[in-house]
Structures are given as C-alpha cells and as structure tokens.
1. Using helices alone, what [θ] at 222 nm do you get for the chain, with -39,500 (n - 2.57) per DSSP H run of 4 or more residues, divided over all residues and rounded to the nearest 500?
2. Could you tell me how many degrees, from 0 to 90 and to the nearest 10, lie between the Cα long axis of helix 50-66 and the main elongation axis, the longest principal axis, of the Cα atoms of the chain?
3. Would you be so kind as to identify which of A37, S110, L23 lies farthest towards the positive end of the dipole of the stretch 2-154, taking Lys and Arg as +1 and Asp and Glu as -1 on Cβ and the Cα centre as origin?
4. Just to confirm the number: angle between the C-alpha axis of helix 17-36 and the first principal axis of the chain, 0 to 90 degrees, nearest 10?
5. Ranked by Cβ crowding within 10 angstrom, fewest neighbours first, how are S65, S110 ordered?
6. Can you count the Lys pairs in the stretch 2-154 with C-alpha separation below 25 Å, eight or more apart or on different chains?
7. By how many degrees, 0 to 90 and rounded to 10, does the Cα axis of helix 122-165 deviate from the longest principal axis of the chain?
8. With +1 on each Lys and Arg Cβ and -1 on each Asp and Glu Cβ, and nothing else charged, work out how big the dipole of the chain is about its Cα centre, in Debye to the nearest 20.
Amino acid sequence: MLVTLDKIRQQVAGKHPAIDAWLNVRRNLLVEYMQLAGLMPPHRKTLPSSQAISDFCGRLVDYVSAGHFEIYEILISAYEKAQGRHLSLTNRLIDRIQDTTESILDFNESYDDATDDDMSELETDLSQLGLTLEERFKLEDRLVLVLDVLSDTDEISATQKSATTV
C-alpha cells in the first residue's frame, strides 16, 4: 500500500495543496497502522497499549472526516467544472467509500476509549481494518486519479485555446 500511495502522490503532486496534504496524512496514518498491526520493524511482540490505539483512532477519524468534508468536495467541484465528466463515477466511488467509513467508525467506537481489558479482539479487528483501509485507499486513489486526468485535459484545452488565439 505504501508503494502505491507514493506513486499516486508523485503523480498528482502540486495539483491541489489540500490533496497533497491529505495524501501525506494518509501515508503517516498507514505507517502508524502497520506499526500497530506489527507489520513493520520493529515487529511487536505484545499488543499495543490502549493509549496508542486511542491516539491512532483519533487520527483515523480525522483522516476520514477530511476526506468527506474537504477532499471529496474539492474533487466533486472539479468534476462539476468539467461539465460533469466523470461525475457519475465519482458518486459511485463515494458511495462505496461511505461503506468503508462505517467499518472504520465501528473500529473507532470499539477502541477509541478502550482499556487494556477491552483488547481481546484487537488482532482480528486490526486485520479487518487493514482490509477496509486497503479498499478505501484504492477507491480514493481512483477519485484522485480522475482529477489528475481532468487537470491534464484542462491544461491541454487551455494550451489549444491559447494556440488558436495566436
């Protein structure tokens, strides 16, 4: 997931500052998830603390909220400016992303204020969360890449317009 994210970040870098920042936050969130799940060195031998999970939950909800209340609005606005091209695809992707939001919020509800005694299902729940995040990131990447295509098309259109006025 990190390699794919880095490719997306390179491809859309500079297209919109909020999207650049959001993708950077996603990278940090993904690294934190992988550390909590024991997928990155140093591999953990015990469960993470309830405080570490709670802190992660806060950042996870912040990321999801930024997507829904800022980034997707930017993307939809760009598609509308492009006379609705790709708007139906965007709406379908956002509907599918909403499904992942429910799972993420369920994880948050279970672990945001959890105590060490509430961690018996953490391994299983972290594994399921990883699958959910992977699905969500793929869908979000598709949204961002459509914006990249639109912005390239807009640049081509602008170049063509300026060439015909010369």
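Nothing in this text is a laboratory measurement; each read-out follows from the coordinates by a stated rule. Everything numeric in this text was worked out from a predicted model, so none of it was measured. Cβ sites come from the backbone with ideal geometry, for glycine too, and all protein chains shown count toward neighbours.
1. Numbers: 6 runs with 127 residues, N = 166.
Helices in the chain give a 222 nm mean residue ellipticity of -26500 deg cm²/dmol.
2. The two axes meet at around 20 degrees.
3. About the Cα centre, the residue reaching furthest to the positive side is L23.
4. 20
5. Numbers: S65 12, S110 17.
The most exposed by this proxy come first: S65, S110.
6. On the way: K7/K15; K7/K138; K15/K81; K15/K138; K81/K138.
Number of lysine pairs found: 5.
7. Result, in degrees: 10.
8. On the way: 16 positive and 29 negative charges, 218 e Å.
Rounded to the nearest 20 debye, it is 1040 debye.
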